1. Which FRET efficiency, nearest 0.05, do residue 61 and residue 161 yield, Cβ-Cβ r, R0 35 Å?
2. Using DSSP to define loop residues, name the GluC sites (Glu not before Pro) in the range 105-190 whose beta-carbon has at most 13 other beta-carbon atoms within 10 Å.
3. Points 7 angstrom from Cα along the Cβ direction at residue 94 and residue 230: gap in nanometres?
4. I'd like to verify something in the chain: which complete DSSP H helices, judged by Cα projection on the helix axis, reach 24 Å or more and average at least 0.5 on the Kyte-Doolittle scale?
5. Measure out, as a whole number of angstrom, how far apart the alpha-carbon centroids of the range 108-155 and the range 181-229 sit.
6. Per DSSP H run of at least 4 residues, take -39500 (n - 2.57); add these up for the chain, divide by its residues and hand me the 222 nm value, nearest 500 deg cm²/dmol.
7. Please give the Cα centre distance for the range 92-107 versus the range 45-74, rounded to the nearest Å.
8. Compute the signed sum of charges (Lys and Arg +1, Asp and Glu -1) over the other residues within less than 14 Å, Cβ to Cβ, of residue 273.
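Where a number appears in this text, it was derived from the coordinates with a stated rule and is not lab data. Not measured: the values here are computed from a predicted model. Positions of Cβ are backbone-derived with ideal geometry, glycine not excepted, and every protein chain shown enters the neighbour counts.
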Amino acid sequence: MKTHFIESILVALTVIFLLGNCAKSSPTQPVTLTVFAAASLTEAFIEIGHQFEAQQPDRVKVIFNFAGSQQLAQQLAQGAQADVFASANRKQIEILLTGQENGRVVTGTARPFVRNRLTVIYPQDNPAKLQQLSDLAKPGLKLILAAKEVPVGQYSLDFLDKATQDRNLGIEFKAGVLKNTVSYEENIRAVLSKVVLGEGDAGIVYSSDISGEAANKVGRIAIPDNLNTVATYPIAPINDSPHAKQAQAFIDYVLSAEGQAILSKYGFISVNE
């Protein structure tokens, strides 16, 4: 009886020892890094996220929330948890600066990381027979724009303002284009999608939006430099992020030569150019 009791104690101690070793050797739980990013960054940031995860010495999982920059800024101002914010314009970052109500970004921490420019797109079959910018004011054309609250929507309006000073387009061009606008979308991906599906005869998006698969689904009309807006995108860490080290590492990767090369591949303009 005594021998069996001792054997039982030894078995129990062995099990406890083995379980302890398993616990010590089990991998640590990955850090989940939440990145709020402008919708135009979707494909590029997904690839950047995968490459960043693969290079981290500790386990890091990057998840994204893609939407219009104004929507993301509103969510952050209302207390949404995030670690990094990449906006399509400076205005949305400024809404979140410390010192403002519900400030989530420390002044001076936002850095420009990429640039972009506007272009006109139309469905592949070009139902409105568009050939030049002046055609956007043709009566009956259906134009899709982003809402003015969306960075690209405001940039589109800036283009129309500049166009009124262009002798080839004329002072009535803006009024004609706005009369043809049939919807104002909450983000740039909705503009692209509606044009691809033929729900509009034309739209204004970023050049980066028609890289990859979309490049074969739409035609384009270039907007010249004197009428265009080169948008600068800033990126910043969220000041109450529980993963400040990893958030800064992600930002550093976006700004690195490798991160910039990925952005360039998707049609963005590197800040190093």
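1. Given R0 = 35 Å and the Cβ-Cβ separation, E is 0.20.
2. For GluC sites (Glu not before Pro) across the range 105-190 that sit outside H, G, I, E and B with at most 13 neighbouring Cβ atoms in 10 Å, the list reads 172.
3. Modelled inter-label distance: 2.0 nm.
4. Passing helices, by number: 2-25.
5. When both Cα centres are located, 5 Å separates them.
6. Taking each H run of at least 4 residues, the total per residue is -11500 deg cm²/dmol.
7. Taking the Cα centre of each part, the range 92-107 and the range 45-74 sit 21 Å apart.
8. With Lys, Arg at +1 and Asp, Glu at -1, the neighbours total +3.
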